[in-house]
1. For Ser13, list long-range residues whose amide hydrogen, built 1.01 Å from N in the peptide plane, is under 5 Å from its own amide hydrogen.
2. What list of ³J(HN,Hα) couplings, whole Hz, do you get for region 45-50 from phi and the Karplus terms 6.51, -1.76, 1.60, once you set θ to phi - 60° and write x for glycine and proline?
3. Taking 0.36 nm per residue of separation and subtracting the Cα-Cα distance, what length does fully extending Ile2 through Arg21 add?
Amino acid sequence: MIRLTHWCHQCDSHHPTHRVRSVVQAPVSLDGEVDVLICPNCNSYDIEELQEVSDAQ
């Protein structure tokens, strides 16, 4: 069973971790580089990691 770990707000699709690309962008602040997730379907940056719940159906 493949666990879905990410959800794209743009195309409303769900993906396992190994399909979601992660890129490091240049520093945008004094805090340093930022790790950005990219949707494998639509290449949107509007993707978030899902929280695991124990009572999911």
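Just so it is clear, none of the values below were taken in a lab; they were calculated from the coordinates. Only a predicted model underlies this, so the values are computations on that prediction, with no experimental measurement involved.
1. Long-range HN contacts for Ser13: Cys8.
2. 8, 8, 10, 10, 7, 7
3. Length gained between Ile2 and Arg21: 5.2 nm.
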